[in-house]
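Data block below; observations after.
The values are calculated or read from the model by the stated rules, or taken from the named source; none is laboratory data. Computed from a predicted structure; not experimentally measured. In this analysis, Cβ positions are derived from the backbone assuming ideal geometry, glycine residues included, and neighbour counts consider all displayed protein chains. Ligands, DNA and RNA are stripped out before the accessible areas are found, and what is left, the full protein with its side chains, is counted by its heavy atoms. Shrake-Rupley method; radii C 1.70, N 1.55, O 1.52, S 1.80 Å.
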Amino acid sequence: MKDIELLFQNIRTHSENGKPFLHKPLLIIFALGQCYLEKRRMIPFHEIDKRLTNIFHKFYPEGLEKNNTHYPFGRLENDKIWEVENSQYLSRTSVGHLLKKELIEKNIHGGFTENIYQTLIQDKALIMNITKQLLNKFFPKKQHDDIKESVGLPQDEIQYCKENRQILQLLNQDSENKNPMHPNKNGFITYLNSLHNLEASG
């Protein structure tokens, strides 16, 4: 899991006048929200385009080229966390950008690589940790809750604990019955228990 966190920490973002472009971080956070909600891995670009355009306009008011959702959709492949359907057969500009029109016309899908996706949907604590790191690195604190809400992520740890209370109870029952469990689940139980204790203490 540390290797996966490191990949997200090392994503490369273009900067201008010392300010990073926010296209990649916002696409990643959107996709993390999809994983948290246990949606499909590969998402049609036309769906990403619609959702991401709204997110760009809401949280990236000073950013350049807010409608260019195809930039991060294609460029994330270089960061080894993202996959684009039939990537090798798609046209690109001289600087390596995919063509938005072609992505829509050919109904191209994209999403996290299979390994990363499977790890994330089994470990929601990891999703929240990666999201927190990205928010702290690229966005002001006042935007954090609104960004998470816009992509379907819980806004705080107490909400996260409440949403996963039933999961916690089921996992604890499995543990008590000594059923074999994936290593990630043990960490998940510990994390949820800590949040449950936090809520109980106010």
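Applying the condition of being open to solvent by 50 Å² or more (accessible area, probe 1.4 Å) and closer than 22 Å to THR13 by Cβ to the stretch 79-89 and asking which residue is modelled with the highest pLDDT yields GLU83. Of the helices (runs of 4 or more DSSP H) that lie entirely inside the stretch 63-152, those containing 3 or more residues that are more than 17 Å from THR53 (Cα to Cα) span 114-121, 124-138. Scan the stretch 90-104 for residues that are in contact with a strand residue (DSSP E or B) (Cβ under 8 Å, 6 or more places away or on another chain), open to solvent by less than 70 Å² (accessible area, probe 1.4 Å) and free of Cβ contacts under 8 Å to residues at least 24 places away in the same chain and the total you get is 2.
With respect to (1) open to solvent by 90 Å² or more (accessible area, probe 1.4 Å); (2) out of contact with any helix residue (DSSP H, G or I) (no Cβ under 6 Å at 6 or more places or on another chain); (3) not charged (D, E, K, R), the lone exception for GLY18 is condition (1). Answer yes or no: is there a residue in the stretch 23-38 that is surrounded by 11 or more Cβ atoms within 10 Å (Cβ to Cβ) and without any contact (Cβ under 8 Å) to a residue 40 or more places away in the chain. No - not one qualifying residue is present in the stretch 23-38. In the stretch 105-128, the residues that are buried (at least 19 other Cβ atoms within 10 Å of the Cβ) form Cβ pairs under 7 Å with partners that are outside any helix (DSSP H, G or I) and among the aromatic types (Phe, Trp, Tyr), at six or more places apart or across chains, as follows: GLY110/TRP82; PHE112/TRP82; LEU120/PHE112.
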